[in-house]
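Remarks on the structure that follows.
Values quoted throughout were computed directly from the atomic coordinates according to the rules given, and no laboratory measurement underlies them. As the structure is a prediction and not an experimental result, all values here were calculated from the model. A quick note on method: Cβ atoms are made from the backbone with ideal geometry, for glycine too, and the neighbour counts reach across all protein chains shown.
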Amino acid sequence: MRSDRPYLPFLAIVVAALFVAAAGCGLFAQHRETPPAPTPTPTATATPEPYLLLKLDERRLYVVENDVKCPPEGYSVAIGQPKWPTPTGRFQVNELIEDPDFLVFDFNNPKGRDRGRVPPGLNNPLGLRWIGFATAHGWQVGFHGTAKTSVLGQAVSHGCVRMSNPDIVEVYKHVKVGTEVVVEP
């Protein structure tokens, strides 16, 4: 006997296959493991920038890197005398000069006429490096070298911080414009 519908056995096979496939997909979806959550990429922690810490009472300057004083004993400095004290507070390096020249002026009348220029070199009052960080008393104040190391440890300057030339050259390597300067009494 011949069926009027020859496609029925084929249709039954296709429907059965679809049912098995649908059931299998459902079973697969129910039993498959969920993919692991993506692991977060570790973020690099920013290394704190080095800063300068000047302790006026100790008459010492420290370069602080990663909360460690380098060198631990710091650098001996001369600071401002009572008439022209070194300013205290938080500042930033605003000027860096290798082998600076010095404009001679009257500290009692800083807006007066310049009295000349001392060229760069060991006899220059600013020594081998200048690190400017503040304005006080009508002029720029900063760290600078000196050939007169006998004044280190004393309050003799016009507000600036004097250091031996080898020390200021070393400190200069650790700073850039914007480096924080903390001056404590």
**OP:** Can you work out the PRE-style zone for D99? Point 7 Å along Cα to Cβ, and I want the residues of the stretch 120-147 with backbone N under 12 Å.
**Re:** 120-122, 128-129
Original post:
Local charge sum around T47 (other residues, Cβ-Cβ under 13 Å, Lys/Arg +1, Asp/Glu -1)?
Top reply: -3
**OP:** Using 0.36 nm per residue of separation minus the Cα-Cα distance, give me the extension gain between N123 and V169 in nm, one decimal.
**Re:** 15.0 nm
**OP:** Measure off 7 Å from each Cα along the Cα-to-Cβ vector at C70 and R90, then give the distance between these two points in nanometres to one decimal.
**Re:** 2.2
Original post:
Given H placed 1.01 Å from N in the peptide plane, which residues other than close sequence neighbours of R129 have an amide H under 5 Å from its amide H?
Top reply: D99, G145
Subject >> In Hz, Karplus ³J(HN,Hα) per residue of the stretch 80-94 (6.51, -1.76, 1.60; θ = phi - 60°; x = Gly, Pro) >> reply: x, 6, x, 5, 10, x, 5, x, 9, x, 10, 9, 9, 4, 10
Original post:
At K111 and V177, where each label point lies 7 Å from the Cα along Cα→Cβ, what is the point-to-point distance in nanometres?
Top reply: 2.7
Original post:
So what are the ³J(HN,Hα) numbers for the stretch 156-170, from phi and the Karplus equation (6.51, -1.76, 1.60; θ = phi - 60°), rounded to whole Hz, Gly and Pro as x?
Top reply: 10, 8, 9, x, 6, 10, 8, 9, 5, 4, x, 5, 5, 5, 5
**OP:** Collect residues whose amide H, placed 1.01 Å from N in the peptide plane, falls under 5 Å from the amide H of V141; neighbours closer than 5 in sequence don't count.
**Re:** F133, A134, T135, A136
Subject >> the stretch 56-185: equivalent-ellipsoid semi-axes (sqrt of 5 x gyration tensor eigenvalues, Cα, Å) >> reply: 22, 16, 14
Original post:
Taking θ as phi - 60°, what are the ³J(HN,Hα) couplings along the stretch 119-125 by the Karplus curve (6.51, -1.76, 1.60), each to the nearest whole Hz, with x for Gly and Pro?
Top reply: x, x, x, 5, 8, 5, x
